[in-house]
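These notes are about the structure you will find just below.
The values are calculated or read from the model by the stated rules, or taken from the named source; none is laboratory data. Since this is a predicted model, take the numbers as computed values, not measurements. Here Cβ is always computed from backbone atoms with ideal geometry, including for glycine, and neighbour counts include all displayed protein chains. Areas reflect the complete protein model, heavy atoms only, side chains present, ligands, DNA and RNA absent. Shrake-Rupley method; radii C 1.70, N 1.55, O 1.52, S 1.80 Å.
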Amino acid sequence: FLDGRAPDLEAQAAEPPLNPREMAMPGKAAVVDRIRANPDYIGRFEAAFGTEVFESDDAAYAAFARAIAAFERGPQFATFDSKYDRYLKGEYTLTDQEELGRLLFFSRQFTNCSLCHRLQPAPGYAEETFSNYEFHNIGVPANPLLPGPAGTGLVDRGLMQNPAANDARHDGQFRTPGLRNVAVTAPYMHNGVFAEL
């Protein structure tokens, strides 16, 4: 999550089914019941996590989160086969406009985008996610379309809402998002305040 409340992919995968603003499942048992309703899932869960996996809803739900996290770590989830990746492999020639964009993105003189939106130490590394995964407060405006008292002084606390954060410097900080597929992932910023790039 961009506010840092999940320490790993397993914790992140466990939250959406139970979140009332996302999947709104009433509890872990309801999710496990859905898994049990599919005989193929039962067999696969028992093969991956042991025949005792369904002895408790907590154990089955934890296995569910581990399975999603394993998929998210796998090559099917992050294929790294964009034009940029093919360019790095010498399989694609960037157009003039794409090359200008690449130069601007990595420029330290004009834009400095890659200061935060680069994991690898230098441009041109394979499997770049275009995020350093650090937390920053860049002054994103409140989104008046979100539920709650928008415009009434509501402060978006970001990382400071994480119970593990106890340093005032974390107030309003959010994780730098990756830029893979950014053109098709509107709206933008942690709160969706911008409808387009």
* **Selection from segment 62-72 of residues that are open to solvent by less than 50 Å² (accessible area, probe 1.4 Å) and among the hydrophobic types (A, V, I, L, M, F, W, C)** => Ala62, Ala63, Phe64, Ala65, Ala67, Ala69
* **Every residue from segment 79-100 that is of a type in the set (Lys, Arg) and in a loop (DSSP other than H, G, I, E, B)** => Lys89
* Asked: Scanning segment 152-166 for residues that are open to solvent by less than 80 Å² (accessible area, probe 1.4 Å) and more than 21 Å from Asp8 (Cβ to Cβ), which turns out modelled with the highest pLDDT?
  -> Asp156
* Considering segment 135-151 alone, what residues qualify as being surrounded by 12 or more Cβ atoms within 10 Å (Cβ to Cβ), part of a loop (DSSP other than H, G, I, E, B), at pLDDT 85 or above and not polar (S, T, N, Q)? -> Val140
* When you go through (1) closer than 30 Å to Glu128 by Cβ; (2) modelled with pLDDT of 95 or more; (3) polar (S, T, N, Q) one by one for Ser56, which number turns out not to apply? -> (1)
* Structure fact -> Over segment 167-177, the set of residues open to solvent by 40 Å² or more (accessible area, probe 1.4 Å) and assigned to a loop (DSSP other than H, G, I, E, B) is Asp167, Asp171, Pro177
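So that you can scan it fast, the table gives a plain yes or no per residue for (1) out of contact with any Asp or Glu (no Cβ under 9 Å at 6 or more places or on another chain); (2) open to solvent by less than 50 Å² (accessible area, probe 1.4 Å); (3) modelled with pLDDT under 95; (4) among the small types (Gly, Ala, Ser):
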| position | (1), (2), (3), (4) |
| --- | --- |
| Glu46 | no, no, no, no |
| Glu52 | no, no, no, no |
| Ala60 | yes, yes, no, yes |
| Pro75 | yes, no, yes, no |
| Thr79 | no, no, yes, no |
| Asp85 | no, yes, yes, no |
| Glu98 | yes, no, no, no |
| Tyr125 | yes, no, yes, no |
| Phe130 | yes, yes, yes, no |
* Structure fact -> Those residues of segment 12-33 which are open to solvent by 70 Å² or more (accessible area, probe 1.4 Å), closer than 30 Å to Arg175 by Cβ and either of a type in the set (Val, Ile, Thr) or at pLDDT 95 or above (or both) amount to Pro26, Lys28
